[in-house]
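Input: a single structure, listed below in structure tokens.
None of the figures in this text is laboratory data; all of them are computed from the coordinates on show. Since the structure is predicted, the reported quantities are computational estimates derived from the model, not experimental observations. As a convention, Cβ positions derive from the backbone with ideal geometry for all residues, glycine included, and neighbour counts pool all protein chains shown.
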There are 2 protein chains.
Amino acid sequence: MREDDLLSHVYRRSSDLERAFPWVEAGPGDDCAVVRVGQSRVLMKTDQLVEGRHFVPGTPVAMFARKAVTRPLSDLAAAAGRPIAALAAAVLPPAWRGGRANEVFDALSSVARGFGCPLVGGDIAMTELGPLVLTISIVGEPHAARGPVTRRGALPGDGLYVTGRIGGSFGEGGLGRHLAFEPRLAEAAALADVLGGRLHAMMDLSDGLGIDAGRLAKASGVRIEVDAGAIPLAPEVQGVERAIRDGEDYELLFTAEGEVPGVLAGTCVTRIGRVVAGSGAVLVTGSGMVEISGQGWDHGAR
Amino acid sequence: MREDDLLSHVYRRSSDLERAFPWVEAGPGDDCAVVRVGQSRVLMKTDQLVEGRHFVPGTPVAMFARKAVTRPLSDLAAAAGRPIAALAAAVLPPAWRGGRANEVFDALSSVARGFGCPLVGGDIAMTELGPLVLTISIVGEPHAARGPVTRRGALPGDGLYVTGRIGGSFGEGGLGRHLAFEPRLAEAAALADVLGGRLHAMMDLSDGLGIDAGRLAKASGVRIEVDAGAIPLAPEVQGVERAIRDGEDYELLFTAEGEVPGVLAGTCVTRIGRVVAGSGAVLVTGSGMVEISGQGWDHGAR
């Protein structure tokens, strides 16, 4: 079973959501949901971290706790949001009780505070069998001027951009960048400050540039062309093909109209392609075009 | 390990939360957290449902999906809040993939909509081993006039009240009221409408009247006296002692000053005791007083 199949099912089920519940501005299918509470708009996101799936057993607590918190924060960055607070839920198998449970919650709390997104509540359940599971749910607020950025606004004529460098995030023995990435909250805020309404669509790269560019294209009803030679490769990655398939980059992928700064909050921004009319996501190489929207890391299939 | 030990650890860690993050109005330790987003106050709650722990294997999907959604809604009711939206995260072992996963999400979505709290996002992870885990996180808004109700406002002189009837919720073969309870959202809203500022403190009964009354007493810095003869027993329960220990009632326990209606939104309200100066929670019987704040259902110990 592919995660996307189930997600598609969920999206179909929710297609009338914004009509039936007028306070819902964006439902399933975006990096964050957007709802109205009183006069305010609120961003919501939940993400699970499963031992053996999102981190290898034996990974230090401080590292996987960091990832549990930074994954949903990366989605908040994709919406150009600011963190407000987080909830932490944990399923603890026998190896993770007592002092080790305190250690996990201390680490979660410390990371969350560091990102200005304090833990304000949680839930604990014990199991006899199975992996440690941490579920972090966050609430944020949209950028005051730009409002929430979604995957849905890309327009033909936009440039396609990525922050940082991509590929090879799993690293040697699973202890690579995927554990230590910086959610691009400051970069996204700076983008929204500088570009305002010219920032059309954004998402974070979690499952690989191929799959994720395909999702952005689909959400916006456009075609995305990625120039093979323009992709900024991380030093760990061997070649463009791997960079497209490797997941867990947690960089921002966005489309914008007009000029875009080359550096945002100290992070490089690279133009890697363009938005055109049509559908799908393709890699443009010297020898032609290859469809890449099926290439990436599927959490369900693995 | 007791859940309360870990929770106490988390609370100690968060004692400076409201000072360090001024937009946090209530952090860990209450039924819902309260944060400010722009001009609005937002209630937040997360709750996990673990197969084999919160429902017996073989329970129909519609029943456990309902419980997954109604548990956090019961906490929202305890704050006198109104639902806005929910996020659903699922850990799926091999037996719960494909069509059965669709069935779970359909059931969650349908229940959530029925309570005016639509699913607006989610996350799915697969495991090879371990139970099905559903984590529902909800956002709500406080009562417009009364604001968020917490556990912290009980005052000596208040009456102590409970909605509905308590005890025996597990039922025959585990298919009892704990799966089918009605979160007391309408009752709580009516209470806040009628009592306003006279509604001093509220929580939902999830771990047994003994433990939960003890928690309310501790949070408010008061002593709670429960009259044994006044407790409205469910027909399934055998005696007052069991009613105090049985968990998962999901009724409201609240303290208020002055007159309180005997029926709210069609549900009976019973005065079962009083708030006095001091600490702890005691049962008042014909033969004396018994401390009950240690009596109940600990999710961690079982």
What a careful reader reports for the chain B Cβ nearest the rotation axis onto chain A, distance rounded to whole angstrom, is B:GLY130, 1
Expressed in nanometres to one decimal, the distance between label points 7 Å along Cα→Cβ at A:ARG152 and A:GLU103 is 4.5 nm
Projected onto their principal axes, the Cα atoms of the protein assembly as shown stretch, largest extent first, over whole-Å spans of 91, 45, 40
Dividing the helical contributions, -39500 (n - 2.57) per DSSP H run of n ≥ 4, by the residues of chain A yields a 222 nm value, nearest 500 deg cm²/dmol, of -8000 deg cm²/dmol
Tilt, helix B:99-114 to longest principal axis of chain B (alpha-carbon atoms), in degrees rounded to tens, equals 40 degrees
The stretch A:222-256 and the stretch B:77-116 have their Cα centres apart by a whole-number Å value of 34 Å
To the nearest 10 degrees, the tilt of helix B:185-195 (Cα long axis) against the first principal axis of the alpha carbons of chain B is 30 degrees
Note on chain B: contact order normalised by length, alpha-carbon pairs under 8 Å, 6 or more apart, percent, works out to 21 percent
So the angle from the long Cα axis of helix B:3-13 to the longest Cα principal axis of chain B, reported in degrees to the nearest 10, equals 80 degrees
One decimal, nm, nearest first: from A:GLU291 to the same residue in each other copy, label points 7 Å out along Cα→Cβ, the values are 7.0
One decimal, nm, nearest first: from B:HIS9 to the same residue in each other copy, label points 7 Å out along Cα→Cβ, the values are 3.7
At the level of C-alpha centres, the distance separating the stretch B:23-75 and the stretch B:182-198, in angstrom, is 19 Å
Inter-chain shielding metric for B:130-142, i.e. average beta-carbon neighbours from other chains within 10 angstrom, reads 6
Quick note, the stretch A:212-302: a/c under 1.5 would make it rounded; otherwise a/b > b/c is prolate and the rest oblate (a ≥ b ≥ c, C-alpha gyration tensor); here it is rounded
One decimal, nm, nearest first: from B:GLY114 to the same residue in each other copy, label points 7 Å out along Cα→Cβ, the values are 4.4
Of B:102-115, A:241-254, A:28-41, ordering from highest average Cβ density within 10 Å down gives A:241-254, A:28-41, B:102-115
